[in-house]
1. Pick out the one residue from A:Arg45, A:Arg112 that is more than 30 Å from A:Val187 (Cα to Cα) and among the charged types (D, E, K, R).
2. Please go through the stretch B:98-135 and pick out each residue that is over 25 Å from B:Trp36 (Cα atoms) and buried (at least 19 other Cβ atoms within 10 Å of the Cβ).
3. Only one of A:Gln101, A:Gln106, A:Gln162 is polar (S, T, N, Q) and within 14 Å of another protein chain (Cβ to nearest Cβ). Can you tell me which?
4. Taking the residues in the stretch B:51-81 that are surrounded by fewer than 12 Cβ atoms within 10 Å (Cβ to Cβ) and within 24 Å of B:Tyr106 (Cα to Cα) as candidates, determine which candidate is nearest to the chain's Cα centre (by Cα).
5. Give B:Pro34, B:Pro96, B:Pro134 a once-over and let me know the one that is closer than 30 Å to A:Leu164 by Cβ and not polar (S, T, N, Q).
6. Restricting to the stretch A:135-158, name every residue that is more than 7 Å from chain B (Cβ to nearest Cβ) and either farther than 30 Å from B:Leu127 by Cα or among the basic types (Lys, Arg) (or both).
Amino acid sequence: MNLRDLSLLPILLFASITVGQGKGEIKLHVSPHNGVEYVLDGKERLSNRGLVLPAGDHRFVFWAPDRKMLDTTLTIVADTTILFYKVLPITDAYRAYKVEQKRAVQGRFFYRAIPLVLTATAGVFAWNSNKKDRETYDALVAAGDSYNSLRVPLAITGLKDQVLPSLQADLDAANRRLTMAVALAGVGVVATILGFIKAGRIVEPTYEDKGKVEFDGLVWMPSRNGSSIQLGMHIPIR
Amino acid sequence: MKSNVLFLLACAAILGCRKHDVDIASLNTSRFDPDWVGPSFMRIDSIRTVPYASGALHRQQIHLHLDEELRNVQDYVIRVIEYTVPDTTIYPAVDPAQPTVVILNYLVQLGEEYCYDIDLRIGSGILLNHRLSPCAVAEL
């Protein structure tokens, strides 16, 4: 070390003291905005968005429910405000859970809704068919009853040769429609019962946020009565 | 299982309530029906031979009784065909107020038999199955 280097020593010492004693501010904009927590320098578990910290490197471990942890070091510069933006990605396990959950919900919906819609449609069809059947039969009976009150042979001939056969054909068609509708409704009811049984057997997947357990294990917090370890428990409520 | 049984019973009940047909062939009880088979609206009261033109000529008089049910219908026609003289058709005057119609045949010879077809038509000319076919010898 020469004299020139020695002359710089006070300056470096001053600068070091200045950096070591200065403070800077950091504003955290980590998504998702709700539920983000972080552990600062392996000691404190915090959730506030703004911090004033001594200048220098600080270790942040960010975590949010169902998101990947982010372990990073941020450098605080004295008298400077740093804006930190980050989106925590969803964990693969949670993504897979959501896919499975969606599949289960869709499967349950499929097994319940489709037979139910089929049954309801067939029921409406059967109700309409029955109504039409009754109306056609009433018309046929009324036409048959009018036979005895008619005094015009031409009208009687028309009634027997045209009106009654036509109404009879309508009634036959209505009967066929009603039979088909009742059969469809029957299939629908059976399908609905089976569908509800099947849907009830579909097990919805459960999800355990392993990242939270890991995150909870990172911090050790002192309490008023002494030392304690902050633990978390995740109970899935279905 | 129980619901399936109930459902099947409901289906059977609905299908059991199916409406049945009207038997068109059995509709033949109206006397105005062209297919009617039974007593006629008309009935021969008497057939008499009566002289006219001072006894030089004779005519046959058929007294035809009409049922009240027919007389309530306004537009009926009685047609009489006499076969001795071909195509002799008589349309007697009909008075709905009177229960009897008199059919007159002015061209009869004593000792000869005359036969008639008496038809009944109503409305637009449909022939009813009420035909009478009397025969009578012209004699005093």
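The values are calculated or read from the model by the stated rules, or taken from the named source; none is laboratory data. Keep in mind that what you see is a predicted model, and the values were worked out from it rather than measured. Positions of Cβ are generated from backbone atoms using ideal geometry, with glycine treated the same way; all protein chains shown enter the neighbour counts.
1. Step by step, each of A:Arg45, A:Arg112 is checked, and only A:Arg45 is more than 30 Å from A:Val187 (Cα to Cα) and among the charged types (D, E, K, R).
2. B:Asn105, B:Val108, B:Tyr114
3. A:Gln162
4. B:Tyr52
5. Among B:Pro34, B:Pro96, B:Pro134, only B:Pro34 is closer than 30 Å to A:Leu164 by Cβ and not polar (S, T, N, Q).
6. Result: A:Glu135, A:Thr136, A:Asp138.
Residues checked against (1) among the β-branched types (Val, Ile, Thr); (2) free of Cβ contacts under 8 Å to residues at least 12 places away in the same chain; (3) closer than 30 Å to B:Val77 by Cα:
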| site | (1), (2), (3) |
| --- | --- |
| A:Val124 | yes, yes, no |
| A:Lys131 | no, yes, no |
| A:Arg134 | no, yes, no |
| A:Asp138 | no, yes, no |
| A:Thr157 | yes, yes, yes |
| A:Gly188 | no, no, no |
| A:Leu194 | no, no, no |
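Yes or no, residue by residue, for (1) of a type in the set (Phe, Trp, Tyr); (2) under 20 Å from A:Gly24 (Cβ atoms):
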position	(1), (2)
A:Gly50	no, yes
A:Arg67	no, no
A:Val87	no, no
A:Tyr94	yes, no
A:Lys98	no, no
A:Phe110	yes, no
A:Leu116	no, no
A:Asn128	no, no
